[in-house]
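The values are calculated or read from the model by the stated rules, or taken from the named source; none is laboratory data. Computed from a predicted structure; not experimentally measured. Cβ placement follows ideal geometry from the backbone for every residue including glycine, while neighbour counts extend to all protein chains displayed.
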Amino acid sequence: MCTVKDDPGDTRLSRRAVLALMAAAAAAGADLPRAGATGALLQRPIPSSGESIPAVGLGTWRTFDVGTSAGARDPLREVLKQFVALGGRVIDSSPMYGAAETVVGDLAAELKLHDKLFLATKVWTSGRDAGIAQMEQSIRRMRATRMDLMQVHNLVDWRAHLATLRDWKTQGRIRYLGITHYTASGYDELERVLRSEPLDVVQVNYSLGEREAERRILPLARDRGVAVLVNRPFSEGNLFRRVRGQPLPAWAADAGCESWAQIFLKWILAHPAVTCVIPATSKPQHLVDNMRAGTGALPDAAMRDRMAAAVAR
């Protein structure tokens with residue numbers, strides 16, 4: 001993630017200042033601030049079952065694709081530890097993400113966290129048999145007895161894989177099934193599948209930098225009773241680049257935000273169709289910052305418009 005520069009004439013804490021204080025506290029051996037310090041982590045129901053999950057989860061794209069060295073894994077171990085301590089459960093991965101599934105499984109086993117996590121991954125290959133083999137491999141890599149959520153990644157051979165996933169759900173090998181995409185170019189097909197297939201979850205890109213989903217996918221998901229996981233909440237860092245050098249707006253405190261990241265995430269969470277947003281990070285201090293977006297009040301329509309105007313270019 002990018003950070004913004006401090007404004008010498010502004011007494012409000014910027015994201016950089018907040019993160020610097022967190023880092024200093026960690027270096028001094030103090031506990032990092034807990035999201036619960038400003039309220040409980042927001043929970044949202046999965047419509048197909050009524051089960052509630054925390055509204056802020058953890059993605060693993062790029063950030064968890066590391067080797068076996070202590071230097072590479074130690075920060076991620078702390079990220080996962082803090083994530084659960086702050087009330088997080090949903091962690092999302094994919095066989096497309098290199099070693100991420102294995103790293104999640106190894107660290108969760110070391111920390112004895114499997115019973116506290118809602119594990120989600122994806123199938124990303126063509127053919128029924130290849131899909132089965134890949135999903136079984138993912139379960140082994142994540143050291144799960146069963147997967148909470150299995151998704152068809154970017155709709156690759158979705159007909160074959162959804163048939164398998166329905167069987168696996170009936171057998172209890174997975175709890176929920178879904179589909180994903182990460183770009184508006186896939187929305188036509190995503191919409192067709194949402195309209196025609198019984199699904200528990202759809203995962204889609206949605207942010208202040210990529211708003212197309214709010215026109216078609218989010219309303220349809222809500223009408224169909226499908227939970228929404230949001231990927232790319234920072235538009236791959238583009239939102240931080242847009243506000244680089246800008247102080248945090250004066251109204252940020254009114255929105256319960258201490259950083260730009262919290263503004264971006266609270267804007268997403270204020271949409272009623274969104275179930276859980278999954279920002280990825282390898283930095284414990286960024287994890288804490290992100291989790292705080294899931295606490296306190298969410299912005300109303302007028303505040304969301306202010307947030308959008310602050311990054312519009």
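General observations
- Those helices (runs of 4 or more DSSP H) lying entirely in the stretch 256-313 with at least 1 residues under 18 Å from L229 (Cα atoms): 260-269, 284-292
- Scanning the stretch 22-37 for residues that are under 24 Å from P233 (Cα atoms) and either surrounded by 13 or more Cβ atoms within 10 Å (Cβ to Cβ) or at pLDDT 70 or above (or both) gives M22, A23, L32, P33, R34, A35, G36.
- Qualifying residue in the stretch 183-193 (condition: small (G, A, S) and more than 17 Å from L155 (Cα to Cα)): no
- Counting residues in the stretch 84-101 that are in a helix (DSSP H, G or I), out of contact with any Cys (no Cβ under 9 Å at 6 or more places or on another chain) and in contact (Cβ under 8 Å) with a residue 60 or more places away in the chain gives zero.
- Selection from the stretch 106-136 of residues that are within 20 Å of I53 (Cα to Cα) and part of a helix (DSSP H, G or I): A108, H114, D115, K116
- Flag if A252 is over 18 Å from the mean Cα position of the chain (by Cα), in contact (Cβ under 8 Å) with a residue 24 or more places away in the chain, surrounded by fewer than 20 Cβ atoms within 10 Å (Cβ to Cβ) and more than 22 Å from R44 (Cβ to Cβ): no
- Residue that is crowded, with 18+ Cβ neighbours inside 10 Å, touching an Asp or Glu at 6+ places or on another chain (Cβ under 9 Å), at pLDDT 95 or above and on the phi > 0 side of the Ramachandran plot, where the choices are S259, S235: S235
- Residue in the stretch 76-88 that is surrounded by fewer than 19 Cβ atoms within 10 Å (Cβ to Cβ), farther than 17 Å from L229 by Cβ, of a type in the set (V, I, T) and touching a Leu at 6+ places or on another chain (Cβ under 9 Å) present: yes
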